[in-house]
Amino acid sequence: MASITDLTAITKANVTANDLLLVANSARGDNKKFVLNTLFPTVQTNSSASGAALWTGVENQTAITLKGIRSANSRLTVTTATQDIVLTIVEAQIDLANCNNSSNFLTSVNLASNVTGTLPVANGGTGATAFADKAVIISQDSGTDTLSAVTMSTNGQLLIGGTSGPTAATLTAGTNVTITNGDGTIEIASSLASVSSDLDMNNNDIDLGTGYLSSDGASNGLRVTSSNVYIGASGSYFNTDALNISGGITLRTNASHTIQIGDGNSPGALSLRGQTNTATNGNGGNTNIYAGTADGSGTGGTLNLYGGDTSSGTGGSVKVITSVAGTETDALTIDGSSDVTVNAGSLIITSATEGLVHTNRGAVTQATNHTTGVTLNATSGIITLAGVALNAAAEAEFTVTNSTVQADSMIMLTVQCPAAASATDNATMVAQVSGVSAGSFNVRLTNPGAGNVSTNAHKLNFLVINNSV
């Protein structure tokens, strides 16, 4: 058997899977073998690791090649100390402006130990080392000037701005205003005993309660209750309608005024009513409307009552209406055509010296003889007959054409003789209406006397009374 020293040597680099190592077991008396290259170590990265491998591999099955550790910049240094590799962060090389603080790794700065000197305004400081007690801090003319303190140790002081900068001052009380300053408090009160200038409420409301607006602060003048307004003294207060007035109403002189309901598409009525007497059998109050009184020989004012106007319809009427037991009756009506109708009651004239007056009556002269027709369109007039005689016991008839006459009109006639001396031998002219039709009436002249009537012209006066308009 060959000696081990006589065998050929083999290096690790040349070992293959065919190279074996004999292992003898003295207890069992058997032998086994190792495959020689399985005894050499290998290097691998843990399967759960996420970092970079620290080695590059095994060379010649004997040497493990490790990676070196170095710093990428000056903010980290790498050194060795005995058996250790030392990594050192150079704090002076770290710029926090380039750091991402989303994970809040930097939560505070110790201004006592991390900052030296006075922190300037430009860096978020005050630029000052101390401030006066009981003061507020203000800035200066420049945004980076050192902040300063304004002492506010007096009761009621406020910081008030101005062109020279903020300053501490107290409020000044104006008219009807009282200011009471306390330690940390300001009380402002107003008595409004008087107002020295116009009071503009800027569209806001005033709650008067049960008080009045007056010229002397007394309980009289104007009072507003809910939606009603009262004008007058407090002792006469009432609020039965939207506007309640205790006293008369006088409008400004030397000017025309109108009291009316505003325009709209659903007209309402405007009523003036005297007082309703609630006493048993008491008389109702009067309602008087007067035109203006003239001075000296001047003419008094005219009281005009107007019916409503219209552009193409029927004009409004003026009515006099009476009322008994709640029943209203049209007593007198002047309609839109200016016709006057006495609807109820009688026309009574009580003075012996007064009566009906009919002005602007018409006049016409008969041309040829007593049978010649005439035309006169008037409800009253004078017809001067032809200057011819009417023989004794004779008659003559003529037609008066008159557009105001209706078929049922009543014609009143009178005869006016020219002179009493003209009546001889009982000669008298008698006139009577012999027929009436629409647009005309006939007049019959009769001489019942024994002699002829005078040739001096007689006159007939007529009045037409119609039964309808």
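The values are calculated or read from the model by the stated rules, or taken from the named source; none is laboratory data. Everything numeric here is computed off the predicted structure, so don't read it as measured data. A quick note on method: Cβ atoms are made from the backbone with ideal geometry, for glycine too, and the neighbour counts reach across all protein chains shown.
Here are some residues: 86, 90, 43, 115. Which one is under 30 Å from residue 129 (Cα atoms) and either modelled with pLDDT under 85 or not assigned by TED's automatic domain parsing to the domain that holds residue 14 (or both)? Walk me through how you get there before you give the answer.
Values: 86 fails: under 30 Å from residue 129 (Cα atoms); 90 fails: under 30 Å from residue 129 (Cα atoms); 43 fails: under 30 Å from residue 129 (Cα atoms).
Going through 86, 90, 43, 115 in turn, the sole match is 115.
Comparison of 336, 326 shows that the only residue that is touching a Gly at 6+ places or on another chain (Cβ under 6 Å) and more than 27 Å from residue 456 (Cβ to Cβ) is 336. For beta carbons closer than 9 Å, sequence separation of 6+ or different chains, a first residue in region 235-257 that is on the phi > 0 side of the Ramachandran plot and a second that is surrounded by 10 or more Cβ atoms within 10 Å (Cβ to Cβ) and not aromatic (Phe, Trp, Tyr), the qualifying pairs are 247/231; 247/232; 247/233; 247/236.
Let me confirm something: among 56, 38, which residue is among the hydroxyl-bearing types (Ser, Thr, Tyr), under 30 Å from residue 13 (Cα atoms), assigned by TED's automatic domain parsing to the domain that holds residue 9 and not in a strand (DSSP E or B)? Break it down into steps so the answer makes sense when it comes.
On the way: 56 fails: not in a strand (DSSP E or B).
38 is the lone residue from the list that is among the hydroxyl-bearing types (Ser, Thr, Tyr), under 30 Å from residue 13 (Cα atoms), assigned by TED's automatic domain parsing to the domain that holds residue 9 and not in a strand (DSSP E or B).
Looking only at region 293-318, residues that are surrounded by 11 or more Cβ atoms within 10 Å (Cβ to Cβ) and either in a loop (DSSP other than H, G, I, E, B) or free of Cβ contacts under 8 Å to residues at least 12 places away in the same chain (or both) come to 8 in all.
If the condition is being aromatic (Phe, Trp, Tyr) and within 18 Å of residue 192 (Cβ to Cβ), then region 212-237 contributes only 212.
Out of all the residues in region 59-79, which are more than 30 Å from residue 95 (Cα to Cα) and not in a strand (DSSP E or B)?
Taking region 59-79 first, the residues more than 30 Å from residue 95 (Cα to Cα) are 59-66.
Of everything in region 59-79, those that are more than 30 Å from residue 95 (Cα to Cα) and not in a strand (DSSP E or B) turn out to be 60, 61, 62.
Please list, ordered by residue number, the strands (runs of 3 or more DSSP E) wholly in region 370-466 having 3 or more residues that are small (Gly, Ala, Ser).
Numbers: elements: 380-384, 395-401, 410-416, 430-437, 440-446, 459-465.
Where strands (runs of 3 or more DSSP E) fall fully within region 370-466 and carry at least 3 residues being small (Gly, Ala, Ser), they are 430-437.
Within region 440-461, not a single residue is farther than 30 Å from residue 339 by Cβ, aliphatic (A, V, I, L, M), surrounded by fewer than 14 Cβ atoms within 10 Å (Cβ to Cβ) and at pLDDT 95 or above.
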